[in-house]
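Following: one structure in structure tokens, then a few remarks.
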Amino acid sequence: MSEKITFAPISYTGWDSLSHLVEEVRRFNVNKILIITDPFLKDIGLTDKVTVPLEEAGYATDVYTEVVPEPPLAVGEKLVAYTRDHQFDMVIGVGGGSALDLTKLAGTIAVHEGNVADYLNLTGTKQIIKKGLPSILIPTTSGTGSEVTNISVLSLETTKDVVTHDYLLADVAIVDPALTMSLPPKVTAATGVDALTHAIESYISKNASPVTDALALQAIRLISQSIRTAVANGDDKQARIDLSYGSYLAGLAFFNAGVAGVHALAYPLGGQFHIAHGDSNAVLLPYVMGYIRQSCEKRMKDIYDAMGFSSTNLSQEEASYRCVDELKRLVEDVGIPSSLKGFNIEEEALSPLTKDAIKQTRILARSPMALLEEDIYGIYRAAFDGEVVEKSSVSII
């Protein structure tokens, strides 16, 4: 059976890879460049590392900072209108996942008719039919993998939806761990566990392949064995490098194999309670994995080994149980609440969360265990109580 594997056209990775920016821009016949970034990054001068060399090379730049975490649809609509009105030749995204997602959206939808809402996965009626403006994506966190995916995530009233098409893929991704050195511990933790979740869900996905397995397992090794150090000591260069590579590999893995139950349940947490996406994934990760454990014991044994432990003398079942325990411990060690109560979510919210999560059919379809409405409620209940439970009667699909 053949597998389709898609990567961004060009990626630069490793320390000081930002030095390739100007030479890459020169490959395109552009002059007026829109740089989309987080306002904090402009305030601390990090975006100067992008604008200064471009302006010295003779390019006109405009820095757009109306970026917010978990961007709502209205923010995307406003940015697309701004991009159209000012007739830019290129878009460059600098920042976390929100800035990069918005950059992909702006560069693509700006050359199409209609609004962003017309292209949403769940409710849109229009199709993306042509490539947008040339784009370069430069992450400053190690977590989202947005620089190598074709997805732009937007918050709706109570949940999230996406615009997705291969035309959203960046022309160039520049993944420079030096840009993550100033990342605060809390953001390092959230984005790092986000990347770990990408790798784990890719590995257990129904769409996994030998290629994505290799990417996912190496990502798990790099992230799980460096994240605690990076959170505790953000100046540790090697930890930052390992997290950066791990995030990049996890992005490639989940772009091709897809994510599943953790993300499906995380989206409503972000939509209804505005919890950061990385935190949403982190608090749910051990509970989803614990619930579906019996459907992917062998793969969870592999994950346990990749996290730096030895399953040599353990059965698949024993190793899978220990894997869940270690995931829960990792989340706690990096300072992320280990239950929904830790995010001040009330018990009454579990049913509305379930109603929104079950709508994420595109994502849920990749789960190694079919997750019905009662299953999703059971996982939210476990995450609320802070106690891992598993499905008593497993249907493996």
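The values are calculated or read from the model by the stated rules, or taken from the named source; none is laboratory data. Computed from a predicted model, the values in this text were never measured in an experiment. Cβ placement follows ideal geometry from the backbone for every residue including glycine, while neighbour counts extend to all protein chains displayed. Each accessible area value is taken on the protein alone, full model and side chains, heavy atoms only, with ligands, DNA and RNA left out. Shrake-Rupley method; radii C 1.70, N 1.55, O 1.52, S 1.80 Å.
Summary table below
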item	result
The range 41-77, residues that are buried (at least 17 other Cβ atoms within 10 Å of the Cβ) and of a type in the set (D, E, K, R)	Lys42, Lys49, Glu70
Residue within the range 345-352 that is surrounded by fewer than 20 Cβ atoms within 10 Å (Cβ to Cβ), assigned to a helix (DSSP H, G or I) and in contact (Cβ under 8 Å) with a residue 60 or more places away in the chain present	yes
All positions within the range 184-207 that are outside any helix (DSSP H, G or I) and touching a residue at least 60 places away in the same chain (Cβ under 8 Å)	Ser205, Lys206, Asn207
Exclusive hit being touching a helix residue (DSSP H, G or I) at 6+ places or on another chain (Cβ under 6 Å), among the small types (Gly, Ala, Ser), touching a residue at least 24 places away in the same chain (Cβ under 8 Å) and under 22 Å from Asp325 (Cα atoms), set Gly251, Gly270, Gly261	Gly261
Members of the range 314-341 that are open to solvent by less than 40 Å² (accessible area, probe 1.4 Å) and either of a type in the set (Gly, Ala, Ser) or touching a strand residue (DSSP E or B) at 6+ places or on another chain (Cβ under 7 Å) (or both)	Ala319, Ser320, Ser338, Ser339
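Residue-by-condition table, conditions (1) closer than 24 Å to Pro268 by Cα; (2) out of contact with any His (no Cβ under 9 Å at 6 or more places or on another chain); (3) buried (at least 22 other Cβ atoms within 10 Å of the Cβ); (4) among the β-branched types (Val, Ile, Thr):
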position: Thr108; (1), (2), (3), (4): no, no, yes, yes
position: Ile128; (1), (2), (3), (4): no, no, no, yes
position: Leu137; (1), (2), (3), (4): no, yes, yes, no
position: Thr158; (1), (2), (3), (4): yes, yes, no, yes
position: Lys186; (1), (2), (3), (4): yes, yes, no, no
position: His198; (1), (2), (3), (4): yes, no, yes, no
position: Ser205; (1), (2), (3), (4): yes, yes, yes, no
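Residue by residue, here is whether (1) over 16 Å from the mean Cα position of the chain (by Cα); (2) in a helix (DSSP H, G or I); (3) more than 30 Å from Lys237 (Cα to Cα); (4) among the hydroxyl-bearing types (Ser, Thr, Tyr) holds:
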position: Glu147; (1), (2), (3), (4): no, yes, no, no
position: Glu157; (1), (2), (3), (4): yes, no, yes, no
position: Asp161; (1), (2), (3), (4): no, no, yes, no
position: Tyr167; (1), (2), (3), (4): yes, yes, yes, yes
position: Ala178; (1), (2), (3), (4): yes, yes, no, no
position: Ser182; (1), (2), (3), (4): yes, no, no, yes
